[in-house]
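Step one of this worksheet: look at the structure below.
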Amino acid sequence: MTKEFLKKLKPSPLAWVLIGLIAYLWFRPPAWVTEQNQPAPEVPLQAGKFMSDLHGKVVLVNFWGTWCPYCRHEMPAMQAFYQANRSRGFEIVAYSLDKTQAEVDEFMRANGFTFPAPLAAPPVMQAFGGVDRVPLSFVVDREGVIRQRIAGQVHRGRLEKLIEPWLSR
């Protein structure tokens with residue numbers, strides 16, 4: 001009786017395809033990349049530093065929250081890319097939408113993330129065109145020009161595809 005019951009539960013090939021698609025989208029959800037060509041706003045980064053202080057570097061500006069599962073999932077890939085490319089002039093500024101800096105600092109420390117993660121003040125979010133979803137990222141070239149807007153999760157492959165051309169210049 002049990003074997004007959006288990007045979008009835010055997011998924012069809014179509015079910016396996018659907019399960020695979022769901023898993024792919026869960027771990028690599030789509031991101032919408034739009035080309036931009038506008039100067040990065042002069043916003044504060046952290047304690048006395050501003051965006052213009054990063055002139056000459058390629059910067060990933062990321063808006064995220066500790067409560068966002070996609071944000072939490074993209075952070076290890078961002079950290080790995082940061083470590084591998086920092087010596088080539090790559091920086092990350094990850095503006096958090098959390099309530100307190102202490103909350104963000106604890107999350108960063110507990111997970112071994114070493115890039116700056118200041119709180120996203122409303123003027124900073126407005127300066128980047130309004131942040132209506134997270135994760136949301138911007139690629140800023142060495143001249144301080146926003147080149148791409150990424151609405152959705154970044155992963156290692158996406159980082160390489162979008163940032164590598166700017167690092168090679």
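The values are calculated or read from the model by the stated rules, or taken from the named source; none is laboratory data. For clarity, every value in this text was computed on a predicted model and none was experimentally measured. When we count neighbours, we look across all protein chains shown, and the Cβ atoms used for this are built from the backbone with ideal geometry, even at glycine.
Checking the structure you have, find out if any residue of the range 24-31 is in contact with a Lys or Arg (Cβ under 9 Å, 6 or more places away or on another chain), of a type in the set (A, V, I, L, M, F, W, C) and modelled with pLDDT under 95. Yes, there is a match, as at least one residue in the range 24-31 is in contact with a Lys or Arg (Cβ under 9 Å, 6 or more places away or on another chain), of a type in the set (A, V, I, L, M, F, W, C) and modelled with pLDDT under 95.
Cβ-Cβ contacts under 6 Å between residues 6 or more apart (or on different chains), taken from a first residue in the range 144-157 that is among the β-branched types (Val, Ile, Thr) to a second residue that is surrounded by 19 or more Cβ atoms within 10 Å (Cβ to Cβ) and not in a loop (DSSP other than H, G, I, E, B), are listed as Ile146/Phe138; Ile146/Val140; Ile150/Ser137; Val154/Glu74; Val154/Ser137. Scanning the range 109-128 for residues that are among the β-branched types (Val, Ile, Thr) and over 24 Å from Asn37 (Cβ atoms) turns up at least one hit. Could you tell me which residue of the range 41-68 is surrounded by the most Cβ atoms within 10 Å (Cβ to Cβ), considering only residues that are at pLDDT below 95 and in a strand (DSSP E or B)? Among those that are at pLDDT below 95 and in a strand (DSSP E or B), it is Leu45.
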